[in-house]
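Down below is the structure, laid out as structure tokens.
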Amino acid sequence: FYIIFYIFMNISFFAIILLSKGNTDFLKYLANWSFSSKRNYILTLTFALVLFSVGGVPPFAGFYSKLLVFLALISSSKIFTAASIALLSCVGCFYYIRLIKIFFFCTGKKGT
């Protein structure tokens with residue numbers, strides 16, 4: 001279950017990046033992604049939904065996949081592993097939400 005959603009989310013993630021590559025410098029800096037919703041709203045919205053799912057935000061499929069992994073770890077008494085994965089998931093989710101903020105709300109050269 002988890003591996004199927006993980007593969008689908010990562011294929012979607014990289015497919016959207018490759019589809020949005022207009023010129024060679026577009027992917028070089030995060031500031032170039034600012035207001036990408038103005039250029040292609042549907043693609044940017046899809047990318048945001050994939051990022052929410054990869055980050056494990058409920059009610060997306062990535063959340064339920066991670067929840068099943070956490071429950072399996074806790075039921076097998078691997079609490080430290082589950083806690084470290086939860087902590088690292090929070091760090092990853094912070095990065096993904098930062099990207100979504102850049103996509104929709106940031107202006108300027110530095111993405112602020």
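Leaving out ligands and nucleic acids, note down the accessible area per residue over region 1-106 with a 1.4 angstrom probe, in whole Å². Can you show the working numbers first?
Numbers: 6890 Å² over 106 residues.
Computed with neighbouring chains in place, this is 65 Å² per residue.
Would you work out the charge dipole size for the chain about its Cα centre, treating the Cβ of every Lys and Arg as +1 and the Cβ of every Asp and Glu as -1, and quote it to the nearest 20 debye?
Values: 10 positive and 1 negative charges, 71 e Å.
Magnitude of the dipole: close to 340 debye.
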Two decimals is fine: what is log10 I(q)/I(0) at q = 0.19, 0.21, 0.27, 0.30 Å⁻¹ for region 59-104, from a Debye sum with one equal scatterer on every Cα and no solvent?
-0.65, -0.74, -0.97, -1.05
Quick P(r) readout (the chain; Cα-Cα; 10 Å bins; whole %) gives 14, 40, 28, 14, 4, 0
So what J values fall out for region 72-78 if you push phi through Karplus, 6.51 cos²θ - 1.76 cosθ + 1.60 with θ = phi - 60°, rounded to Hz, Gly and Pro as x?
5, 5, 5, 5, 9, 6, 10
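What part of the accessible area of the chain, given as a whole %, is carbon or sulfur when the probe is 1.4 angstrom?
Numbers: 5500 of 7510 Å².
Carbon and sulfur together cover 73 percent of it.
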Using only the alpha-carbon atoms, how far is helix 2-19 inclined from the longest principal axis of the chain? Give it as 0 to 90 degrees, nearest 10.
10 degrees
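The values are calculated or read from the model by the stated rules, or taken from the named source; none is laboratory data. Just so we're clear, the structure is a prediction, and the values are computed from it rather than from any experiment. Glycine also receives a Cβ, built like all others from the backbone with ideal geometry; neighbour counts cover every protein chain displayed. Side chains are part of the model used for accessible areas, which takes the heavy atoms of the whole protein and leaves out ligands, DNA and RNA. Shrake-Rupley method; radii C 1.70, N 1.55, O 1.52, S 1.80 Å.
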